[in-house]
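The values are calculated or read from the model by the stated rules, or taken from the named source; none is laboratory data. Note that the structure is predicted; figures quoted are calculated from it, not measured. Here the Cβ positions follow ideal geometry from the backbone for every residue, glycine too, while neighbour counts run over all protein chains shown. Ligands, DNA and RNA are stripped out before the accessible areas are found, and what is left, the full protein with its side chains, is counted by its heavy atoms. Shrake-Rupley method; radii C 1.70, N 1.55, O 1.52, S 1.80 Å.
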Amino acid sequence: MLRGIGSEKESPPDQQGSDFKAMENLSSGKAKRLATLLSGLVECMFFAGVIFGWASLVFVLKDLNYFKDLCVPFANQTANSTMDEDCRAQDEQFSLIFTIGSFMNNFMTFPTGYIFDRFGTTVARLIAISFYTTGTLLIAFSSEATAMILFPAMSLLSVGGILLILTNMQVGNLFGKHRSTIITLYNGAFDSSSAVFLIIKLLYEQGLKLNAMFLFISACSAWHLARTFFLMPRRHIPYPLPPGYTYGVSCQRKSRSYRTYEEQRCPKSSDEDEMHDSDILHADSILGEEHLTTKVIAGKGDPEAASNSKKPAVISFWSCVCSKLFFWHLVWLSVMQLRHYLFIGTLNPMLELLAGQDTALVSSYTNAFAFTQLCGVLCAPWNGLILDRHKRGQKQEGSSHGVLDSLADLRSCVLSLAITVLQCMAFSICASIPVLPVQYATFILQVLSRSFLYGGNAAFLAVAFPLEHFGKLYGLVMGLSALVALLQYPCFTLIKGPLRGDSFYVNIGFIVLMLLAFVSPLVVYLECKRRQKEEATPHNSGSPALTAGKSGLESSI
């Protein structure tokens, strides 16, 4: 556009020196992006999703006699009996804490997603850090007498954690063709962070105090603040990236001879540049790099084409929400998420039942479950690789036109969505077998399914809908699925009450319910076929990529 205009006139005499500085700036930019990627991975892996290690923390809280006053002697217990107390009310209280915490983890994603879209990364992360620190401090100063503090503490921990990963997923935009892999990698790290409570459990068994460990986690907020100001943008990371894109407050001075499009305007600070470019690229990202090139070329000789390119049709937020793709994706997420939440929330009492109240055996299986959660960061990128590799294969089969690229992006999700459902069904079948050693297989399938579930959810929303609606759509789908996730508490009450602790029939019901999740990949596949037929029709008007994409999103339920 403006890059080549006047570039020779403004070049200094020493061209070699300017080239060296340009290469130096490029190298430092790559190093900064790598630092952002790795530090974000650490942040997601050790802080974002710790609530899902609840089973390990419950073991510690029971040992510290939290809600112990809810335990009562069995009705038929004699004075000389050594039977344990009936602690079903205590288990229900712990289950309720996890139910509310996991509900807040999802439900509050919509308003926080709106905050992220509207006010940018810095504001969203400062809110996240405030919530997270408050939650860890409440747990640090809690005790047996103030056990009710756990309700707001776990809710704050959940909301803060989901906001951290929401702001981190945009880091995938820095790495182009590996975008889906990085998004799923971060979601896998989110799953693996549940092992933090296992570390707390092991350290507690070695003599460390619970409040001291949570005070240390609170002090780690300094790490989050440093990343917020030095390794994250003030607003958003656009996709695709503009030339010479920079972010963070530490931006070095650049040579005047190496002037990118954004630098030719004026020597602004990196935050101002990023804010301006983010606003521009949000509109252009719908059509991709090919449309940007077409817009420049069309503007040279065709006034009509130029006027059309200046007015790209914008897909509204509500058009996305009312589409079949969004509705059936919501069903896909809600059904499997409810299954996972119920399993995590009932794991401790289930292990106690299968182990015959053997505390040592329950501790051993709890540790095994938590250790498998660490593998989430290793399993989730497999889903991203499926998306990225299948997408490149679809592009090679077609042409280099933008419409086929967009179809390849969407079509690559079909296999990922279907594999995730199959994994969750296998996990549900193993969970329904009341044999203790079989639960090792259940743990492995559960972490594999869960890492595919959340990574695939974020990647699908980033691929199937416009980027400027990602935060709101991600928040809405998580919030609506949270309403469905509330059913875990009635299910838990049903298991502990009429079913007398036997979850077999509930598990069978979930296996049947899982069949609904297969509708989502089928709908995506049919949508891809429909768009391909529309694109093959020669009388399509306007931009083919936009026409196909918009008509698909605006189809009502």
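Quick look at the values:
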| item | result |
| --- | --- |
| Segment 406-484 - Debye-derived log10 I(q)/I(0), Cα point model, q = 0.15, 0.23 Å⁻¹ | -0.64, -1.05 |
| Amide H contacts of Asp86 (H built 1.01 Å from N, under 5 Å, at least 5 apart or other chain) | Val72, Phe74 |
| Stretchable slack from Glu534 to Glu205, in nm (0.36 nm times residue separation minus alpha-carbon distance) | 112.1 nm |
| Trypsin sites (Lys or Arg not before Pro) restricted to DSSP loop in segment 439-535 with at most 11 other C-beta within 10 Å | Arg500 |
| Where chymotrypsin sites (Phe, Trp or Tyr not before Pro) fall in DSSP loop in segment 95-180, at most 13 other Cβ within 10 Å | Phe141 |
| Listed peptides 34-43, 233-242 by packing density, highest first (mean Cβ within 10 Å) | 233-242, 34-43 |
| Descending Cα extents along the principal axes, segment 450-494, whole Å | 41, 20, 11 |
| 12 Å beta-carbon shell around Ala124, net charge (K/R +1, D/E -1) | +3 |
| Accessible area in square angstrom per residue, segment 91-231, 1.4 angstrom probe | 34 |
| Extension gain from Thr493 to Val435, taking 0.36 nm per residue of separation minus the Cα-Cα distance | 18.7 nm |
| Approximate spin-label separation Leu516-Thr134, in nm, with each point projected 7 Å along Cα-to-Cβ | 3.4 |
| Cα gyration tensor shape of segment 452-534, rounded if a/c is under 1.5, else prolate or oblate by comparing a/b with b/c | oblate |
